[in-house]
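Down below is the structure, laid out as structure tokens.
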Amino acid sequence: MKKHILFLGAPGAGKGTQAELLSQTNSYLHLSTGELLRKEIEMNTALGIQVKDIMNRGELVSDELVLKIVRQNLLKDNKGWILDGYPRNLSQANSLNEVLNEINQPLELVFYLDIPEEVLIKRLLLRGRKDDTEETIKTRVEIYKKTTEPLIRYFKDLSLLEYIDADRDLKTISSDIKLKMA
Ligand code: B4P
């Protein structure tokens, strides 16, 4: 069973939803950079104040800040981990590789959740989080296409990528993911 997993996909593809289900089933650490940053905002920490406007505009928080959070969490005792929403660009992918070499926990599997753009826009507008407005979604999708999408090729070349059709109901997707975990 794979223990070091990553979820890749457009905003609203369902990374958070599926990563949460899988981490509960396997008692793995679920590391969502989006969720960790939102907690900082909620608690009004110095970091939260720094990232609030950036996130509300749908832009990416600096690589340095996100790396710090990811590193801290990966050092925690765990039975396995699932990274959700990290890395989001090539620089973050390289930093992650360095950290994973350092802690001797190589990445074993990358789930790429594939979804048509019109479906994700509908899902996000329906969810209605603070950064789920039409304008912000447009920015997030543009940034995704430009900076995150190249990671599909990057992980494919490393033979780590598993393709998941994310335009299906939750249960069907999670069964598919479980099958591919073995
Ligand atoms: P994230 O928190 O990562 O959010 P996301 O990409 O929008 O969502 P996700 O794909 O997880 O979708 P979800 O399961 O929630 O990022 C938010 C922001 O944080 C970024 O814009 C950025 O500013 C910052 N950030 C995060 N990581 C960063 C990094 N590494 N570097 C820099 N900045 C970073 O699903 C969406 C909706 O669809 C939900 O309502 C869900 O219920 C629904 N849904 C899910 N699966 C479904 C299905 N199969 N059918 C129907 N609905 C479904």
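Looking only at the stretch 35-56, residues that are within 8 Å of the ligand (Cβ to nearest atom) and either over 27 Å from Glu102 (Cβ atoms) or charged (D, E, K, R) (or both) come to 4 in all. Which residues, taken from the stretch 30-57, are over 24 Å from Ile152 (Cβ atoms), aliphatic (A, V, I, L, M) and open to solvent by 30 Å² or more (accessible area, probe 1.4 Å)? Passing the criteria: Ile41, Met43, Ala46, Leu47, Ile49, Ile54.
Just so you know, in the stretch 148-174 the residues that are farther than 17 Å from Ile115 by Cα and out of contact with any Leu (no Cβ under 9 Å at 6 or more places or on another chain) include one that is surrounded by the fewest Cβ atoms within 10 Å (Cβ to Cβ), and it is Ser159. Cβ separations smaller than 6 Å between residues 6+ apart or across chains give the following pairs from the stretch 123-147 residues that are within 19 Å of Tyr112 (Cβ to Cβ) to residues that are part of a helix (DSSP H, G or I) and among the hydrophobic types (A, V, I, L, M, F, W, C): Leu124/Ile137.
Leu60 meets all of the listed conditions (1) in a loop (DSSP other than H, G, I, E, B); (2) without any contact (Cβ under 8 Å) to a residue 60 or more places away in the chain but one, namely (2). Within the stretch 149-166, at least one residue is touching an Asp or Glu at 6+ places or on another chain (Cβ under 9 Å), assigned to a loop (DSSP other than H, G, I, E, B) and touching a residue at least 40 places away in the same chain (Cβ under 8 Å). Restricting attention to the stretch 116-125, does a residue exist that is open to solvent by 10 Å² or more (accessible area, probe 1.4 Å), near the ligand (Cβ under 8 Å from one of its atoms) and not β-branched (Val, Ile, Thr)? Yes; the residues of the stretch 116-125 include at least one that is open to solvent by 10 Å² or more (accessible area, probe 1.4 Å), near the ligand (Cβ under 8 Å from one of its atoms) and not β-branched (Val, Ile, Thr).
The values are calculated or read from the model by the stated rules, or taken from the named source; none is laboratory data. Keep in mind the model is a prediction, meaning the values are calculated, not measured. As a convention, Cβ positions derive from the backbone with ideal geometry for all residues, glycine included, and neighbour counts pool all protein chains shown. The area values use the complete protein model at the heavy-atom level, side chains included, leaving out ligands, DNA and RNA. Shrake-Rupley method; radii C 1.70, N 1.55, O 1.52, S 1.80 Å.
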